[in-house]
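Take a look at the structure below.
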């Protein structure tokens, strides 16, 4: 898939739909509960990309090209555990860069590391996320990478819900961020009746 043209935001959204990464539940009694505790009518599971070689290659190509274009000084690729790890690995391979990954919390045994991989010595790193919701996990990973000696120059994710909370956190961290696709592009691609579209729009605007 190397050398394939970069997809549009809508094309990346359609790719996620095609592999079944997007699931909707319009009945509030059956809404998903995210790890953050948020109740939502939508769930984006980009881990499913691992099971589809062509789709994961298109996404990895897109992530790598986006980093190459926007963060050309990147020296290390960092992934967030666990969903960001495979994407970071594929990107690091394409860019021929070292890779590390960040745990949600330090191990309680062994070397008790939060960041796994070789030690960072001030290298410029880009954090790869599978998706961004409120930005909390990415923000914590940025702090961990900084504490371990890295200098994070950007965050590159596959998908974002577009919540203002995430934008505020990245602005607070003074770290630019971008995604291949987002909630608005997704809604533009889904064939929805008026009622379902209103539920999804009202939830995001809550």
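The values are calculated or read from the model by the stated rules, or taken from the named source; none is laboratory data. Note that the structure is a prediction, hence the values are computed from the model and not measured. Positions of Cβ are backbone-derived with ideal geometry, glycine not excepted, and every protein chain shown enters the neighbour counts.
Every residue, every condition in (1) surrounded by fewer than 18 Cβ atoms within 10 Å (Cβ to Cβ); (2) in contact with a strand residue (DSSP E or B) (Cβ under 8 Å, 6 or more places away or on another chain); (3) within 22 Å of residue 13 (Cα to Cα), yes or no:
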{"residue": "79", "(1), (2), (3)": "no, yes, yes"}
{"residue": "122", "(1), (2), (3)": "yes, yes, no"}
{"residue": "141", "(1), (2), (3)": "no, yes, no"}
{"residue": "145", "(1), (2), (3)": "no, yes, no"}
{"residue": "151", "(1), (2), (3)": "yes, yes, no"}
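Residues of the range 165-179 that are more than 16 Å from the chain's Cα centre (by Cα) and either part of a helix (DSSP H, G or I) or in contact (Cβ under 8 Å) with a residue 60 or more places away in the chain (or both): 168, 171, 172, 173. Screening residue 104 against (1) in contact with a helix residue (DSSP H, G or I) (Cβ under 8 Å, 6 or more places away or on another chain); (2) farther than 23 Å from residue 186 by Cα; (3) at pLDDT 95 or above leaves a single unmet condition, (3).
The set of residues in the range 24-57 being over 15 Å from the mean Cα position of the chain (by Cα) and in a helix (DSSP H, G or I) consists of 28, 29, 30, 51, 53, 54, 55, 57. Give the residue that is nearest to residue 74 (Cα to Cα), with candidates limited to residues of the range 179-202 that are touching a strand residue (DSSP E or B) at 6+ places or on another chain (Cβ under 8 Å) and surrounded by fewer than 18 Cβ atoms within 10 Å (Cβ to Cβ). Here the residue is 190. Using the structure shown, decide if residue 135 is crowded, with 21+ Cβ neighbours inside 10 Å and on the phi > 0 side of the Ramachandran plot. For residue 135, the condition - crowded, with 21+ Cβ neighbours inside 10 Å and on the phi > 0 side of the Ramachandran plot - is met.
All conditions but one from (1) farther than 23 Å from residue 142 by Cα; (2) surrounded by fewer than 16 Cβ atoms within 10 Å (Cβ to Cβ); (3) in contact (Cβ under 8 Å) with a residue 12 or more places away in the chain apply to residue 55; the one that does not is (2). Scanning the range 33-52 for residues that are surrounded by 17 or more Cβ atoms within 10 Å (Cβ to Cβ) and farther than 14 Å from residue 133 by Cα returns a single hit, 49. Residue 114 meets all of the listed conditions (1) crowded, with 16+ Cβ neighbours inside 10 Å; (2) within 30 Å of residue 206 (Cβ to Cβ); (3) at pLDDT below 95 but one, namely (2). Restricted to strands (runs of 3 or more DSSP E) entirely inside the range 67-149, those with at least 1 residues that are under 13 Å from the mean Cα position of the chain (by Cα) are 76-80, 124-132. Evaluating residue 106 against the criteria (1) within 30 Å of residue 37 (Cα to Cα); (2) exposed (fewer than 15 other Cβ atoms within 10 Å of the Cβ); (3) in contact with a strand residue (DSSP E or B) (Cβ under 7 Å, 6 or more places away or on another chain) leaves one unmet condition, (3). Residues in the range 5-53 that are touching a helix residue (DSSP H, G or I) at 6+ places or on another chain (Cβ under 6 Å) and more than 20 Å from residue 189 (Cα to Cα): 50 only. Somewhere in the range 164-177, is a residue touching a helix residue (DSSP H, G or I) at 6+ places or on another chain (Cβ under 8 Å) and at positive phi? Looking for residues that are touching a helix residue (DSSP H, G or I) at 6+ places or on another chain (Cβ under 8 Å) and at positive phi, one finds none in the range 164-177, hence no.
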